[in-house]
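Reviewing the structure listed below.
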Amino acid sequence: MLDLLAGMDSPDSSTDKLCFGVFQLDLKTGELTKRGTRLRLQGQPIRVLTLLLERSGELVTREELRQLAANSIRASFLPDSEKEKWVSRIGAIV
């Protein structure tokens, strides 16, 4: 995987796409493609991949990954009306 990330292009501000090896991740839609073929990857795996790609070359700790998973799980159980309140509360704590 490190070889793939070594050739990674930074996101194009007009398209918000990350290219690494034969893969391309569209940050707006969360769609992952390999040589133009859409791959079935969504939800938690796509969020983890996005984090790792955005932080390419940097250390991503187990705690950061755990926090990402916990936030995703919590948010998935909240009704839409509660999500804004929850996000604003977390923002106030941080």
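Limited to the range 33-54, what total is found for residues that are surrounded by 15 or more Cβ atoms within 10 Å (Cβ to Cβ) and more than 17 Å from LEU68 (Cβ to Cβ)?
So the count comes out to 1.
Do you know which residues across the range 55-73 are of a type in the set (A, V, I, L, M), surrounded by 10 or more Cβ atoms within 10 Å (Cβ to Cβ), closer than 25 Å to CYS19 by Cβ and free of Cβ contacts under 8 Å to residues at least 12 places away in the same chain?
Residue satisfying the conditions is VAL60 alone.
Taking THR33 and the conditions (1) modelled with pLDDT of 90 or more; (2) over 18 Å from LEU18 (Cα atoms); (3) of a type in the set (Val, Ile, Thr), which numbered condition does it fall short on, given that it satisfies the others?
Exception for THR33: condition (2).
Let's see how each residue does on (1) outside any helix (DSSP H, G or I); (2) modelled with pLDDT under 90; (3) touching a strand residue (DSSP E or B) at 6+ places or on another chain (Cβ under 8 Å):
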{"site": "LEU25", "(1), (2), (3)": "yes, no, yes"}
{"site": "GLY57", "(1), (2), (3)": "yes, no, no"}
{"site": "GLU64", "(1), (2), (3)": "no, no, no"}
{"site": "ALA75", "(1), (2), (3)": "no, yes, no"}
{"site": "GLU82", "(1), (2), (3)": "no, yes, no"}
{"site": "SER88", "(1), (2), (3)": "no, yes, no"}
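The values are calculated or read from the model by the stated rules, or taken from the named source; none is laboratory data. Just so you know, these numbers come straight off a predicted model, no measurement behind them. Note that we place each Cβ from the backbone using ideal geometry, even for glycine, and neighbour counts take in every protein chain shown.
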